[in-house]
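Colleague: Here's a structure for you.
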Amino acid sequence: MDFSLDKDEFVEWFMQRDYKGCSVDRIDNSKGYHMDNIQIIPTRRNIQKDKTKILDGKRWCYSCKEYKEFSEMCTSNRIECGTSTLCSKCNYARKKDYLSRKKSSA
Ligand SMILES: [Zn+2]
């Protein structure tokens with residue numbers, strides 16, 4: 001098999017097959033929806049994969065929008081794979097912000 005689909009064609013192909021609770025994931029996100037670059041995975045796993053972006057051992061902080069060293073990541077807010085989506089600094093700032101808002105409203 002050596003053919004590729006554009007995304008709309010692919011979605012149509014996928015919808016015809018009704019994979020319940022599953023979604024399509026590209027094996028290599030930099031590549032398109034080619035038949036050799038897609039996998040059908042449970043939706044939950046796909047979401048989790050998106051949450052924890054890792055590049056060269058660094059984790060994506062959703063607040064800074066930067067990759068951070070693992071040691072800079074907040075570990076108090078563990079999700080399943082043991083990492084947070086925020087770095088310690090952002091987590092601290094968020095907490096501080098929350099506390100100050102709580103104080104001013106009291
Ligand atoms: Zn951050």
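Colleague: Can you tell me how many residues in the range 73-87 are more than 8 Å from the ligand (Cβ to nearest atom) and at pLDDT 80 or above?
Modeller: The initial filter retains those residues of the range 73-87 that are more than 8 Å from the ligand (Cβ to nearest atom), namely 73-85.
Of the ones still in play, those that are also at pLDDT 80 or above are 73.
Qualifying residue count for the region: 1.
Colleague: Let me ask something else about it. Taking only the range 52-72 into account, find how many residues are charged (D, E, K, R) and within 11 Å of the chain's Cα centre (by Cα). Reasoning before the result, please.
Modeller: Within the range 52-72, the first condition is being charged (D, E, K, R), and the residues that meet it are 53, 56, 58-59, 65-66, 68-69, 72.
Now restrict to residues that are within 11 Å of the chain's Cα centre (by Cα): 53, 59.
Of the residues in that region, 2 qualify.
The values are calculated or read from the model by the stated rules, or taken from the named source; none is laboratory data. Not measured: the values here are computed from a predicted model. Cβ coordinates were reconstructed from backbone atoms using ideal geometry, including for glycine residues, and neighbour counts include every protein chain displayed.
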